[in-house]
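Enquirer: Structure below; questions to follow.
Just so it is clear, none of the values below were taken in a lab; they were calculated from the coordinates. This structure is a prediction, so every number in the text was calculated from the model and none was measured. Positions of Cβ are generated from backbone atoms using ideal geometry, with glycine treated the same way; all protein chains shown enter the neighbour counts.
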Amino acid sequence: MFDRHTERSGSSSLKWDKYKGKDVLPMWVADMDFRSPEPVIQALQERADHGVFGYTLPDKELVDTVVRYLKTQHGFCIEPNWLVWLPGLVPALNLTCRAFPGDVATFTPVYPPFLTAPDYAGCTCHCSSLVPSGNHWAINWEDLEAGITDETTILMLCNPHNPVGKVFSRNELERLGDIAQRNDLIICSDEIHCDLILEPDQKHIPTATISPEVAARTIALYAPSKTYNLPGLSCAFAVIPNTRVRHTFKQTIRGIITEVNAFGFAGCRAAYQFGEPWRQDLITQLRANRDFLYRFIETHCPEIKLLPMEATYLAWIDVTALKLDDPVKWFEDHGLGLSDGKFFGQPGYVRINFGCPFDTLKAGCDRLSRGVQAARSLL
Ligand SMILES: Cc1ncc(COP(=O)(O)O)c(C=O)c1O
């Protein structure tokens with residue numbers, strides 16, 4: 001299932017059409033090259049066959065499905081009225097900054113909209129660097145706390161973390177919850193990658209399940225889009241347990257945020273109802289891809305570094321040793337399209353997306369190695 005190639009060039013794909021007509025293998029933006037689960041495709045076909053595409057509401061079956069999914073997959077018990085449907089998580093990040101004006105604290109490197117959302121809202125962002133510590137990325141607690149001032153209103157958290165693939169532990173979440181309590185912060189918890197944990201002994205812990213006090217200050221963000229490869233359907237949701245926080249958020253989205261479209265709802269329902277066997281197989285494939293990438297880099301490109309990652313299909317690679325002025329351009333010139341660390345707040349790194357058939361990954365690794373060898377010869 002996951003070794004099947006689907007031609008994406010010419011399908012209006014952001015990822016593939018960026019390099020249309022060029023010999024550059026796209027392994028950048030975060031969507032996968034896999035077909036979605038068959039029951040999802042079938043549900044979308046059935047919805048299309050209906051032929052009428054009027055304004056659409058999330059029906060009771062969908063809401064019940066989401067409530068059940070959060071409880072069974074993640075032990076997060078929610079009330080249906082805590083849900084706020086959205087066409088994406090990025091709007092939610094931006095809306096949160098506008099709904100709770102003030103400065104933002106977050107960790108870098110991070111998914112670029114975490115950095116642009118405060119900026120667009122006219123807020124200052126204090127970025128605390130995650131630091132390599134032994135075999136993993138750790139929080140610099142002193143630095144985080146030192147950056148939080150009376151002006152800070154929001155702690156933006158990406159868990160599991162894009163791009164370093166970190167899964168925050170209960171201990172870390174409790175400590176973050178405590179910091180949010182002491183400083184009266186909203187926690188905007190982007191959990192879009194929560195179903196993509198690759199380490200068998202790791203588990204996603206929703207921030208809001210840490211304690212009722214933490215739940216009361218959390219805006220948790222989810223979508224089926226990363227896991228089931230549906231980002232083009234624009235369907236996401238926030239879970240906001242506290243009435244006042246939810247009210248403030250909803251006031252801000254009035255007249256700005258549109259209804260989710262009929263296909264988004266249909267895809268979401270089918271993914272959460274029927275997608276689990278496919279997801280299990282996906283995790284097996286992603287684990288194999290990740291482990292191949294580790295081994296490949298270790299064997300063929302030892303000067304570039306990749307710390308072990310626990311989740312997502314995105315790997316964060318330190319290429320500073322190659323001393324390249326523009327690493328992304330360099331690798332594009334060697335046939336590989338990557339994401340640029342500078343937009344994540346960490347220049348000198350690149351992000352590679354290994355959510356693709358194994359053959360594609362192997363071809364991408366060969367191009368990576370070609371680029372590394374060429375850079376090595378100039379050192
Ligand atoms: C952490 C994170 N949040 C949000 C998004 C995008 O969300 P959406 O497409 O729903 O706006 C991504 C996409 O890569 C992501 O990695």
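Enquirer: Please report Rg over Rh for the chain, where both radii come from the alpha carbon positions and Rh follows the Kirkwood definition.
Expert: Numbers: Rg = 20.5 Å, Rh = 21.4 Å.
With Rg and the Kirkwood Rh in hand, the quotient comes to 0.96.
Enquirer: Turning to a different aspect of this structure: Put +1 on the Cβ of each Lys and Arg and -1 on the Cβ of each Asp and Glu in the stretch 53-274; which of Trp141, Phe168, Pro80 then has its Cα farthest toward the positive end of the dipole?
Expert: Checking the options against the dipole of the stretch 53-274, the answer is Pro80.
Enquirer: About its Cα centre, how strong a charge dipole does the chain have in debye, to the nearest 20, once Lys and Arg get +1 and Asp and Glu get -1 at the Cβ? Can you show the working numbers first?
Expert: Working: 37 positive and 45 negative charges, 89 e Å.
It comes to approximately 420 debye.
Enquirer: For the ranges 127-133, 2-8, what's the packing order if you count other beta-carbon atoms within 10 Å of each residue, average per peptide, and put the highest first? Display every interim value, and only then the final one.
Expert: Details: 127-133: 15.9, 2-8: 11.6.
My ranking of the peptides, most packed first, is 127-133, 2-8.
Enquirer: Further question: Can you check what the net charge comes to around Thr207, using other residues whose Cβ is under 13 Å from the Cβ of Thr207 (Lys, Arg +1; Asp, Glu -1)?
Expert: Numbers: positive: Arg170, Arg175, Arg217; negative: Glu172, Glu174, Asp178, Asp190, Glu191, Glu213.
Every neighbour counted, the sum reads -3.
Enquirer: How would you order 332-338, 269-275, 212-218 from highest to lowest mean count of nearby Cβ atoms within 10 Å?
Expert: Per-residue mean Cβ counts within 10 Å order the peptides as 269-275, 332-338, 212-218.
Enquirer: What's the local net charge at Gln280, with K and R +1, D and E -1, over the other residues with C-beta under 12 Å away?
Expert: On the way: positive: Arg279, Arg287; negative: Asp195, Glu276, Asp281.
Result for the neighbourhood of Gln280: -1.
Enquirer: Using the per-residue mean of other Cβ atoms lying within 10 Å as a proxy for protection, in what order, highest first, do the peptides 55-67, 175-187 fall?
Expert: Averaged packing, sorted descending, gives the order 175-187, 55-67.
Enquirer: Under 5 Å between amide hydrogens, which residues at least 5 positions from Thr108 or on another chain qualify, with H placed 1.01 Å from N in the peptide plane?
Expert: Ser128, Ser129, Leu130
Enquirer: If the only charges are +1 at each Lys and Arg Cβ and -1 at each Asp and Glu Cβ, what is the size of the charge dipole of the stretch 53-274 around the Cα centre, to the nearest 20 debye? All intermediate terms of the calculation are to be shown ahead of the outcome.
Expert: Numbers: 16 positive and 22 negative charges, 132 e Å.
The dipole magnitude comes to about 640 debye.
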